[in-house]
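A short worksheet on the structure shown next.
The values are calculated or read from the model by the stated rules, or taken from the named source; none is laboratory data. What you are looking at is a predicted structure, and each value in this text was computed from that prediction instead of being measured. We place every Cβ from the backbone using ideal geometry, glycine too, and count neighbours over all the protein chains shown. Protein only, heavy atoms only, side chains kept; ligands, DNA and RNA dropped before computing areas. Shrake-Rupley method; radii C 1.70, N 1.55, O 1.52, S 1.80 Å.
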Amino acid sequence: MDESKPASYNKTQKAVAEGPYGSTLSGSRVLRLALLIICCLMLGLITLLWASVDIPFGTLISILTGEDSEHASWNIIVRNIRLPRLLTASLVGLCLGLAGLQLQTLFRNPLASPFTLGISSGATLGVALTIWMVPGMAYFGEAGVEWVSNLSTISGAALGAFGMLGLMLAIAYRVKDMTTVLLFGVIAGALIGALVTVLVYFGNERETRAFVEWGFGSFNKAGWAELPFFTLAAAIGLFLCILAIKPLNALLLGERYARSLGVSLSRTRLIIMAGASILAGAVIAYAGPIGFIGIAVPHLCRALFHTSDHRWLVPATCFMGIALALACGLLAEWPGASQSLPVNAATALAGAPVAAWVLLKSRKGGWL
C-alpha cells in the first residue's frame, strides 16, 4: 500500500501530526512518556498497598515473589483480590483509551467514545437478558457460586456487544458517511435502552438489583480464570490499532485528503471499528459499562504531548489510560471504608470535567 502513495506522504503526515509545535519536542515527549510509565508503576504499587486492609510493603513484596506471609488472609487478599483488580483496571484503561482515540479520529468528533456505536447498549441488553431469562442466575451469587453468575454475565455482555458490532460493521460496509453510521449507533442505543427499561420494569427485586450492580461497573469482576481471555481481547485490539496508525494520521485532514494519499477508507473503517469494538466489548464484558475514560484519555494525551501524531498517541494513550483507571480504582476503594464505591462514580468525577473542557475547547474551534 505504501508504494501507491505519493512520495510526499511521510513528509505530509509528519507535518500534519506535529502541527504548530514542530519536531523540537521529541526529546521532551520521550521524557514525558517515561514519567507516565513511572506514574503507572507507582499507582499500581499503591493499588496493592492502599485499601481497607493495610499490608506492609515488605510483606507485599514477599507475597508477590511467592513467599507466604504470617497472615494467611493477606496472601488471599493480595493474590486473589488486589492483583487481579490491578490487572483488570490496567486492561480497562488501556482498552477504553485506545478505543476512544481511534473513534475520535475516525468520526472527527471530540466527544466520540468507545460506546458511540451502541456497543455499550448491546452489551447491556445481553446482560439484562441473561439476568432475567436464565433461570435462577441472579441467585447463584447469593448461594456462593460466584463463578456461575460471573460467567453468565460475561457471556451475555460479550454476545450483546459483538452482535451490535456485527450490525454496525454491516452498516459501515454499505454506508460511506461515518456521520450516518454514528447516528445509527445512537438510534440503536435508544431502542435497546427502551427494551432494557421494559425488562427492568417487569423484573423482580433480586434480578433488578443484580442488573443495577452490574451497571455500576467494577474492577473486581474478572478473576484469574477470566483475565487470560480479557488479555487476549486487549492484545487483538491493540494489534489492530497499531495497524491503523498511518491511516489515522492521514485522516487528521479528512477522508478526501486521506483518499488522495492512497488510503483505503473502507478497509481503514473496518479495522478501526473492529478494533475499537473488540476493546470496548471486552471491557463491558469483564468490568461493566465504565464511562468517560474513553473520552478523557485521548485528550489528556494530546494536551500533555502537544501532538496529534498517533505514533506518539497510541503508546501514550495506553499508559495514560492505565494511570487514570488505577487512580479511579483507588478513589473507589477508599482506605478504611467498609464498602467500595461504584467505579462509574469515580470515572465520572475524573472524566466529566475533561469532557466539559473538550466541549468548550471545540466550540472555540479545533481540538486535534
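One line per residue, one yes/no per condition, for (1) part of a helix (DSSP H, G or I); (2) modelled with pLDDT under 80; (3) farther than 30 Å from GLU226 by Cα:
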{"site": "LEU251", "(1), (2), (3)": "yes, no, yes"}
{"site": "LEU270", "(1), (2), (3)": "yes, no, no"}
{"site": "PRO289", "(1), (2), (3)": "no, no, no"}
{"site": "VAL314", "(1), (2), (3)": "yes, no, no"}
{"site": "ALA325", "(1), (2), (3)": "yes, no, no"}
{"site": "GLN339", "(1), (2), (3)": "no, yes, no"}
{"site": "ASN344", "(1), (2), (3)": "yes, no, no"}
{"site": "GLY366", "(1), (2), (3)": "no, yes, yes"}
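Please go through segment 216-249 and give me each residue that is open to solvent by 30 Å² or more (accessible area, probe 1.4 Å) and outside any helix (DSSP H, G or I), ordered by number.
Looking only at segment 216-249, we keep the residues that are open to solvent by 30 Å² or more (accessible area, probe 1.4 Å), and these are 216, 220-221, 224-226, 228-229, 231-232, 235-236, 238-240, 242-243, 246.
Across segment 216-249, the qualifying residues are ASN220, LYS221, TRP224, ALA225, GLU226.
Working only within segment 73-88, note down all residues that are hydrophobic (A, V, I, L, M, F, W, C), over 17 Å from ALA325 (Cβ atoms) and open to solvent by less than 70 Å² (accessible area, probe 1.4 Å).
Selection gives TRP74, ILE77, VAL78.
Among the residues of segment 86-97, is there at least one that is at pLDDT below 80 and under 21 Å from PRO342 (Cβ atoms)?
First, the residues of segment 86-97 that are at pLDDT below 80: none.
There is no residue in segment 86-97 that is at pLDDT below 80 and under 21 Å from PRO342 (Cβ atoms).
Picking from LEU304, LEU331, which residue would you name as being open to solvent by 30 Å² or more (accessible area, probe 1.4 Å), of a type outside the set (Ser, Thr, Tyr) and closer than 27 Å to TRP50 by Cα? Before you say what the answer is, go through the steps one by one.
Numbers: LEU304 fails: closer than 27 Å to TRP50 by Cα.
The match here is LEU331.
Would you say VAL283 is of a type outside the set (Gly, Ala, Ser) and either open to solvent by 70 Å² or more (accessible area, probe 1.4 Å) or not in a loop (DSSP other than H, G, I, E, B) (or both)?
Values: of a type outside the set (Gly, Ala, Ser): yes; either open to solvent by 70 Å² or more (accessible area, probe 1.4 Å) or not in a loop (DSSP other than H, G, I, E, B) (or both): yes.
For VAL283, the condition - of a type outside the set (Gly, Ala, Ser) and either open to solvent by 70 Å² or more (accessible area, probe 1.4 Å) or not in a loop (DSSP other than H, G, I, E, B) (or both) - is met.
Out of the residues in segment 143-160 that are open to solvent by 40 Å² or more (accessible area, probe 1.4 Å) and either over 14 Å from TRP214 (Cα atoms) or of a type in the set (Phe, Trp, Tyr) (or both), which is modelled with the highest pLDDT? Give the steps one after another, and end with the answer.
Residues of segment 143-160 open to solvent by 40 Å² or more (accessible area, probe 1.4 Å): 143-147, 150-151, 155, 159.
Subset that is either over 14 Å from TRP214 (Cα atoms) or of a type in the set (Phe, Trp, Tyr) (or both): 143-145, 147, 159.
Working: ALA143: 43, GLY144: 45, VAL145: 46, TRP147: 52, LEU159: 81.
Step by step, filter segment 143-160, then rank; the result is LEU159.
Just give me the residues in segment 307-318 being open to solvent by less than 10 Å² (accessible area, probe 1.4 Å), farther than 15 Å from GLY27 by Cα and of a type in the set (Gly, Ala, Ser), in sequence order.
Of everything in segment 307-318, nothing turns out to be open to solvent by less than 10 Å² (accessible area, probe 1.4 Å), farther than 15 Å from GLY27 by Cα and of a type in the set (Gly, Ala, Ser).
Kindly indicate whether TYR173 is assigned to a helix (DSSP H, G or I), closer than 18 Å to SER121 by Cα and open to solvent by 50 Å² or more (accessible area, probe 1.4 Å).
Taking the combined requirement at face value, the residue does not satisfy it.
Is it fair to say GLY163 is at positive phi and either at pLDDT below 70 or open to solvent by 20 Å² or more (accessible area, probe 1.4 Å) (or both)?
No.
What do you reckon, is GLY254 in contact (Cβ under 8 Å) with a residue 24 or more places away in the chain and touching a helix residue (DSSP H, G or I) at 6+ places or on another chain (Cβ under 6 Å)?
no
Would you mind listing the helices (runs of 4 or more DSSP H) fully within segment 26-116 where at least 2 residues are without any contact (Cβ under 8 Å) to a residue 12 or more places away in the chain and among the β-branched types (Val, Ile, Thr)? Step through it out loud before you land on a result.
Details: elements: 26-49, 57-64, 72-76, 83-107.
Filter on segment 26-116 gives 26-49.
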